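**Q** The structure under discussion is supplied below as structure tokens; questions concerning it will follow.
The values are calculated or read from the model by the stated rules, or taken from the named source; none is laboratory data. Values in this document were obtained by computation on a predicted structure and should not be read as measured data. Don't worry about glycine lacking a Cβ; one is built from the backbone with ideal geometry, like all the others, and counts go over all protein chains shown. Ligands, DNA and RNA are excluded from the accessible area calculation, which covers all protein heavy atoms including side chains. Shrake-Rupley method; radii C 1.70, N 1.55, O 1.52, S 1.80 Å.
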Amino acid sequence: MTRYSNEHHYADMNVNHVAKTDQPASGGVSEGKGAGWREDVLASRDLNDLEKQGFAFLLSWFETWRAARRLQPNVESARQFWKQEVVIKDRKHWQLEQWAEAVRWYLRWLEICAREGRPTVSLAEKVRDAVERTGARRGLALKTRQGYGGWSARFAAWAGTRERVLNPECARDWLGKLVSETNVSFATQKQALNALVFLYRDVCGVEEVDLGVKLRKTSKRIPVVLNIKELMKLIEKLEPIYRLPAQLQYGAGLRVSELVNLRIKDVDTERRQLMVRAGKGNKDRVTVVPTQLVESIEEHKKRGRLLYEHDRRTDSPGVALPGALARKMPKAGERWAWFWLFPAKELSKDPVSGITRRHYLHPAVYSRALQRAALAAGIEKRVTSHVLRHCFATHLLEGGCDLRTIQELLGHGDVRTTEIYTHVAKGVNGCGVRSPFDEW
């Protein structure tokens, strides 16, 4: 069948046509109270079985995409989806026609729901949003409340109804299945449990929450570590813009979130010290700045200063500030000391405040750059950004540094967490023993 190489005009025409539709199709949408779009598609008398399958496929795709981006169900989110997901690739003509009709059907369904006061947002989204809003009021970190919201949404999608969501017995059953039937780590099980405890205690107001689930312990995994030769090849293959972040992450033993959140004031090149603010567990710590990187950091700061001055000339909002500092020091975000050490190239919308401002280097963009470099360097190991932190600890241990010092530099709460590196450090334990095969 004919394939369209450029369907952007086609897409705009169809979505705009949908936006101007005033009347819903008669008989196209069932008007039962509380029915979701999927039930209404299946109940439609105007669609045959193949059309119902096609509509359900497209609308499931759209709903998943929309929910992941925290967008409301409306014409604008449908238009964004069509442009960013559908017409970005060549599609068959019949697909585009069927999918455009599915979008029209969905928007007519939204009109009917609005007229009748029926909900158009899924139960899972409602639960997720309630958990995240409550987490923000309780002062939870963004990642924590997003994690709790995600797990609560998964539970709500499984439960299916509001009554089952509010029933701790259902939560106990769901957690039991998660522990017994999936192979997730102990930490993941614990986060899911904590999320549901937060849902019942802080969102629903249940005073005593005891879900009575025994979590399954999982074995600790041995970290992936690169030798010095592999590490140098990796850094050499990195694109120049990501080279200094990788060198600093390895040289200071940082988590990727700690790396991208660094501000100008956090790096003291004179004293060779780097301050990690509000790291894992909301803890501060001090680690080292490699002497060999001092000159590169100073040159990088000069380039960052040009970006900072451009933002000030164009009256861009200052960078985001942690905690309550935005209220206590409203102008601090416009000061050089608070500017990101590794700023993003372009302005973007703040997911928390909705303000368009300059953010830091996106962790996913940086991680993908590392993976490309590992592939180009021919490294036969799974390389992630956290591998650089593993390398920092392992190489220090191999160089004779004691575990207690490494624990402090890494910010581990328990030295037993740091002891995992003794399993991969050469010359520290059995890994440094000469194989008897080498005696032949």
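**Q** In the range 213-250, which residues are within 15 Å of Q371 (Cα to Cα) and open to solvent by 60 Å² or more (accessible area, probe 1.4 Å)?
**A** M232, K233, E236, K237, E239, P240, I241, R243
**Q** Let me ask you something else. For the condition over 25 Å from the mean Cα position of the chain (by Cα) and either within 24 Å of E239 (Cβ to Cβ) or not in a helix (DSSP H, G or I) (or both), what is the one hit in R303, R327, R312, R357?
**A** R303
**Q** Considering each of G253, G318, G304 in turn, give the residue that is over 18 Å from H390 (Cβ atoms), surrounded by 13 or more Cβ atoms within 10 Å (Cβ to Cβ) and at pLDDT 95 or above.
**A** G304
**Q** Can you list the helices (runs of 4 or more DSSP H) lying wholly within the range 76-188 that have 2 or more residues being more than 24 Å from the chain's Cα centre (by Cα) and under 17 Å from C204 (Cα atoms)?
**A** Per the criteria, 162-165, 168-181.
**Q** Every residue in the range 255-284 that is of a type in the set (A, V, I, L, M) and farther than 18 Å from G304 by Cβ, please.
**A** Passing the criteria: V256, V276, A278.
**Q** Identify the single condition in (1) within 13 Å of L341 (Cβ to Cβ); (2) surrounded by fewer than 16 Cβ atoms within 10 Å (Cβ to Cβ) that R272 does not satisfy, given that it satisfies every other one.
**A** All conditions are met except number (1).
**Q** Oh, and also: Please determine whether any residue of the range 366-373 is closer than 30 Å to R138 by Cα and modelled with pLDDT of 95 or more.
**A** No, that holds for no residue.
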